[in-house]
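Quick notes on the structure that follows.
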Amino acid sequence: MSYCRQEGKDRVIFVTKEDHEAPSNAELIADDPNDPYEDHGLILPSGEINWNCPCLGGMASGPCGEQFKSAFSCFHYSTEEVKGSDCVDKFRSMQECMQRYPELYPQEDESAPQGGDETPSTDPLAHIQDSDQGSASAPEAVLASEDMSSTDHSATS
Amino acid sequence: MLKCRALWQKLAPLARASSTLCRHNVKRKGLRCDNMVTVFPKAQMSSGAPGSGGDNLMYILFVGAACLGGGIYTYRSLSEDKKRYQNRLAEINSREQKFPKQPLVTQQTESTAESVQETSEGPKPALQSEPIAVTEQPPVPSVESSEHVPVAEVTTTVSAEPMSTSAAESAAAMEAPVDALPEIPAHAPYLLIGGGTASFAAARSIRARDPGARVLIVSDESDLPYMRPPLSKELWFSDDPNVTDTLRFKQWNGKERSIYFQPPSFYVSPQELPRVENGGVAVLTGKKVVHVDVRGNKVRLNDDSEISYDKCLVATGGTPRNLQVIERAGEEVQKRTTLFRKIEDFRSLEKISREVKSVTIIGGGFLGSELACAMGRRSNESSLEVIQIFPEKGNMGKVLPEYLSNWTTEKVTKEGVNVMTEAVVKNVSYQDGKVVIKLKDGRVVKTDHIVAAVGLEPNVELAKSAGLEVDSDFGGYRVNAELQARANIWVAGDAACFYDIRLGRRRVEHHDHAVVSGRLAGENMTGANKPYWHQSMFWSDLGPDVGYEAIGIVDSSLPTVGVFAKATAKDTPKAATEQSGTGIRSESETEAVASSEVTPVAAAPREPQQGEEYGKGVIFYLRDKVVVGIILWNVFNRMPIARKIIKDGEEHADLNEVAKLFNIHED
């Protein structure tokens, strides 16, 4: 049984679980997927990669940004059977760059608390070390929550 | 191009035919020269050759040769143009879609003599830069193609010259010694004034969108960019005795991070910025920009050095306000007053809180309440007395509706804080080793140290020199919906009074807004032209049991509708972070999917008892029946829904129905 109270200009409603069981009849406007204003996720409506996505954290903007973009683009557009297997060189050069900045891109075997940047960046490296093929799951591992803000980057719908 | 070719192809046989025809005719006529003379004596209007057939032949040959020569010239120049045009298109396309390993050479060789080639490696700031131009080039390709071009063309030889000279310059520049570079670069393509959250977000955005961008941040602080919220929250809860040095905080799940956005190795030095391959972000600390020359596109620092820019961001933030009574109170009181904003303030206050017996916080807003709770928790272990005084009726009185503000005040009191509401400071003095605060209603507070958390004054000192408009209602620089103040100048963060398309003109002083607006400014500085659209949110934790997230205009003077459910032990900030496995709530809010576990809550259908009423729920703030603000009270991971409702801007007849969308009874 919901219970309502008015305190001046403020209204307070208390609801039980049963009260809220029926689905809502509030109408929300459908989202336009081509809205130019809207923040898009990792992939833009045109199919390109949104390098400014908060999900990438600082990967595309750091000192190894160019190598990362090159490797990730290659993976994204790769049409091989094992996606990204033709991009090993680029991932390797990205890994080499990252090894020059251990503070920023901590290696997986470090058990000490991590520095200021993303931990998932270690995953693509681990995969490359394990196998000779470009890791198919590397880019997924890279997609991590934003490390600097509380913004909801994901498109709402 | 193609039309010209087609045209020429049509003309060529015609020309050939006509010249053949002429020659044949001449031959025939030449043989009968007598006839020619007698047959056409009076045809004065004809353009037949005067005089003899030999002259005629010469004339025909001459005209034919001239036509042929002209035709060859036109054909060659058209085909060269076409080739160059196609090359350029191919370069642009390949640059957009893929990022090839070899650095690209972009060339602007117009047929006019205006070609300018950017060599960003050389210390030649005078050359104009194109925002899109990627020019990490070894001089070799440019020399090759400059040979290509002046095959026969008159027009392009002019442009070939500056290219080869600039190629030579860049070759020379590569050998130039590093020491010759000034400590402060004379030119920065992207200049960001201010080294806070908005500036860093913009730097990141620019680097993501403009490959190889060179970004210079000028900060008057001595620290690299860092995030502010932990200074009044997480850092106080840390068990680490060295926390004031390391500035690292351990989160609920044990994951540690630093308040600095990036460690020092992320940045390049300002000295290296013009030369470093692939560009980077440099931070110039301890320098303040005192003058902006908008027409000349340059700024002057407090040490009289000048930096010119292409795009500039003003993200100067604000300075904490002080009470006039304290400013007039004399040096002894001022020595014992903290205006809390920066890392140094945190360090000094943390030390003081361990040394003194009593601390008083003036101000009942976000910062004041958070500091009160943080220090109140410490008072449980030490004998520190924490007092909080403010003129409103309850904590967050300007944000929360009255019933909720009262409830919050009780919680703050439970954290160990002596809260004095409806307290206006009349006079402050220093007597007998104690700071004495006299209130207007006669109460007296004796304390050792004061923390003033009474608001933020936006830093608009550059307005005069830069000719920037300052807003009289909200303070700060007035900018449009795209955060632009003037040509090539944007403003973001606390200092920006911007036009929000949905909610109207406003100025927001929250962390997430700094990130969102900084990122947007960075996008617009690289040509995006997007308005402020993604609504920023904010959050506050008052102890481990009370936390809320909010979005939009959350002003207690607006009518509100609150929908609440009874809270269980699972509905606390601590539980939310443990469940989502992240540290600060800021990280958990970016999870695309709401937390998955659903635990049934046994809710009894009875009237709520006193003291357990406002466990968790949703509060809607209305303006003309439209929801302009939402608070999620102890309800987490639902910000996308709230954002959507505000974005729609619809009038909803029954807000209880809207509240159903949030599933407040589930975790």
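Just a few scattered comments:
- Residue B:623-residue A:5 FRET efficiency (beta carbon distance; Förster radius 25 Å; 0.05 resolution): 0.70
- Restraint check, B:298/B:342; B:357/B:438; B:351/B:446; B:82/B:530; B:233/B:335, Cα-Cα greater than 26 Å: B:298/B:342; B:82/B:530
- Portion, in percent, of the accessible area of the stretch A:40-100 that falls on carbon or sulfur, probe 1.4 Å: 46 percent
- Spin-label model, residue B:413 to residue B:351: label points 7 Å out along the Cα-to-beta-carbon direction sit 3.6 nm apart.
- Close amide-amide hydrogen proximity is noted between residue B:426 and B:438, B:439, B:440, each under 5 Å apart and 5 or more residues distant or on a separate chain (H modeled in the peptide plane; Pro and chain starts excluded).
- Karplus 3J(HN,Hα) series, Hz, for the stretch B:232-238 with 6.51 cos²θ - 1.76 cosθ + 1.60 (x for Gly, Pro): 10, 10, 4, 5, 6, 8, 6
- Ratio of Rg to Rh over the stretch B:248-369 (Cα coordinates, Kirkwood Rh, two decimals): 1.06
- HN-Hα J in Hz across the stretch A:15-28 - Karplus 6.51, -1.76, 1.60, θ = phi - 60°, x for Gly and Pro: 10, 9, 4, 5, 4, 9, 6, 5, x, 6, 9, 6, 9, 10
- Highest mean packing first, where packing is the average number of other Cβ atoms within 10 Å per residue, the peptides B:290-299, A:85-94 line up as A:85-94, B:290-299.
- Modelled spin labels at residue B:383 and residue B:426, positioned 7 Å past Cα toward Cβ, are 3.2 nm from each other.
- Amide H partners (placed H, <5 Å) of residue B:385, local residues excluded: B:358, B:359
- The calculated FRET efficiency for residue A:81 paired with residue B:94, based on their beta-carbon distance and R0 = 30 Å, is about 0.75.
- Rolling a 1.4 Å probe over the heavy atoms of the protein chains gives the stretch B:236-280 an accessible area of 46 Å² per residue.
- Remark: the stretch B:402-409, residue by residue, has Karplus-estimated 3J(HN,Hα) of 3, 4, 6, 5, 5, 4, 5, 4 Hz, where x stands for each Gly or Pro and the curve is 6.51 cos²θ - 1.76 cosθ + 1.60 at θ = phi - 60°.
- At least 50 Å² accessible surface lost relative to isolated chain, residues of the stretch B:500-540 (1.4 Å probe): B:519, B:530, B:533, B:534
- Radius of gyration and maximum dimension Dmax of the stretch A:40-100, Cα, Å: 11.9, 35
- Total accessible surface hidden between A and B, rounded to 100 Å², 1.4 Å probe: 6700 Å²
The values are calculated or read from the model by the stated rules, or taken from the named source; none is laboratory data. Remember, predicted model here, so these are calculated numbers, not experimental data. Note that we place each Cβ from the backbone using ideal geometry, even for glycine, and neighbour counts take in every protein chain shown. In case anyone asks, the SASA skips ligands and DNA or RNA and just uses the protein heavy atoms, side chains included. Shrake-Rupley method; radii C 1.70, N 1.55, O 1.52, S 1.80 Å.
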